[in-house]
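Peer 1: Okay, handing you the structure first.
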Ligand SMILES: [Zn+2]
């Protein structure tokens, strides 16, 4: 099967984030095994979804990881021109959910496998395919925990998020939190008798905005836009009626941190403010719903130099979106982003990838394999 045919199969699995993924895992496993790879399926704690790790080449040598996620965001945009889970070719464009983000990379990597299997590789290439990346990289930590049992310490990981095949060395880290404030309801004519959860949440919002202001002047990294860490409140809900004292207010916010700054630490003053409301009789709940660290790979790192060679272009310092690369780096594995397609086409109707982009990615992967031949 060529990359287009593989992509056709992959897109047909509606592997939407947060749902069971046994079907796509089973199919990819079958393809990998029938082409000579050793496959381990790694079920996550959810019980109905799994990461997949496969190896071609000598298992005991140190090799390279090709990393991608099998989940996609939902295809609920009403403006899709055709069924998002049926690959549709128009000219050199292939439309479908996940075509760019990031089943195109998976297809290109899998398309290269038969040729890799024929090469006498002196070092292995691993396929590390994760689940629930789109929910804030929830799946891949379970694979990274078990990596030392799966392979020799890898020399590097290529994360195939859409980057127009430019190798990218950095992104911000992220932590998202959900805060609940529980008060006491009552009739709005007697606010003195209740505990207004929305009023209480304004303290949390104040603390957030103060932190936002402080961050503008701290830890500047000119590789990013904006060049500082940020916080943003994304949702707030609360109240049932204007004449009832609201007894619940919920707020979600996220921190995006430049390398060297922990995104979870940025949220600490907000957490402290929320918890202080307990002294006034409120009950509060705080949950970190997702988090991953920043990526920062040195321009002189061997992996960066290798990717320059493989792509024929200089590496780029940073992008604004986050990936699993930060988690690989935090696990002690050099990581870099390089994949086909454009991030601007992701998470929107009529997502597509071009045939020449798939071909360029497959070529890059085969060039990598050739550097590992005996
Ligand atoms: Zn992605």
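Peer 1: Determine, yes or no, whether residue 140 is within 25 Å of residue 312 (Cβ to Cβ) and touching a helix residue (DSSP H, G or I) at 6+ places or on another chain (Cβ under 8 Å).
Peer 2: Taking the combined requirement at face value, the residue does not satisfy it.
Peer 1: Also, quick follow-up: I need the full set of residues from segment 326-372 which are outside any helix (DSSP H, G or I), under 18 Å from residue 128 (Cβ atoms) and either modelled with pLDDT under 95 or within 16 Å of the ligand (Cβ to nearest atom) (or both), in order please.
Peer 2: 335, 336, 337, 338, 339, 340
Peer 1: For segment 91-101, what are the residues that are touching a residue at least 24 places away in the same chain (Cβ under 8 Å) and either assigned to a strand (DSSP E or B) or more than 15 Å from residue 9 (Cβ to Cβ) (or both)?
Peer 2: Scanning segment 91-101 gives 92, 93, 94, 95, 100, 101.
Peer 1: Now, a different point. Please tell me if residue 100 is within 16 Å of the ligand (Cβ to nearest atom) and either more than 13 Å from the chain's Cα centre (by Cα) or not assigned by TED's automatic domain parsing to the domain that holds residue 304 (or both).
Peer 2: So residue 100 passes the test.
Peer 1: With the structure loaded, tell me whether residue 345 is touching a strand residue (DSSP E or B) at 6+ places or on another chain (Cβ under 7 Å) and surrounded by fewer than 16 Cβ atoms within 10 Å (Cβ to Cβ) or whether it fails that test.
Peer 2: no
Peer 1: Also, quick follow-up: If we scan segment 280-288, do we find a residue that is out of contact with any strand residue (DSSP E or B) (no Cβ under 9 Å at 6 or more places or on another chain) and surrounded by fewer than 20 Cβ atoms within 10 Å (Cβ to Cβ)?
Peer 2: no
Peer 1: Follow-up question, since we're still on this one. Report yes if residue 63 is within 16 Å of the ligand (Cβ to nearest atom), within 23 Å of the chain's Cα centre (by Cα) and surrounded by 22 or more Cβ atoms within 10 Å (Cβ to Cβ), otherwise no.
Peer 2: No.
Peer 1: Just to be sure, is residue 135 modelled with pLDDT of 95 or more and either surrounded by fewer than 17 Cβ atoms within 10 Å (Cβ to Cβ) or outside the structural domain of residue 276 (by TED's automatic domain parsing) (or both)?
Peer 2: So residue 135 fails the test.
Peer 1: Only residues in segment 333-354 that are free of Cβ contacts under 8 Å to residues at least 60 places away in the same chain count as the first member; pair them with residues that are within 13 Å of the ligand (Cβ to nearest atom), Cβ under 9 angstrom, at least 6 apart or cross-chain, and list the lot.
Peer 2: 344/100; 344/162
Peer 1: While we're on this one: Taking the conditions exactly as written (away from the ligand (no atom under 16 Å from the Cβ), crowded, with 18+ Cβ neighbours inside 10 Å, within 20 Å of the chain's Cα centre (by Cα) and not assigned by TED's automatic domain parsing to the domain that holds residue 109), does residue 231 satisfy them or not?
Peer 2: yes
Peer 1: Related question: Inside segment 103-204, counting only strands (runs of 3 or more DSSP E) that do not spill past its ends, which hold 2 or more residues that are under 24 Å from residue 295 (Cα atoms) and more than 16 Å from the ligand (Cβ to nearest atom)?
Peer 2: Here the list reads 125-130, 173-182.
The values are calculated or read from the model by the stated rules, or taken from the named source; none is laboratory data. The structure displayed is predicted, hence computed values, not measured ones. Quick reminder, even Gly has a Cβ in these numbers, built from the backbone with ideal geometry, and neighbours come from all protein chains shown.
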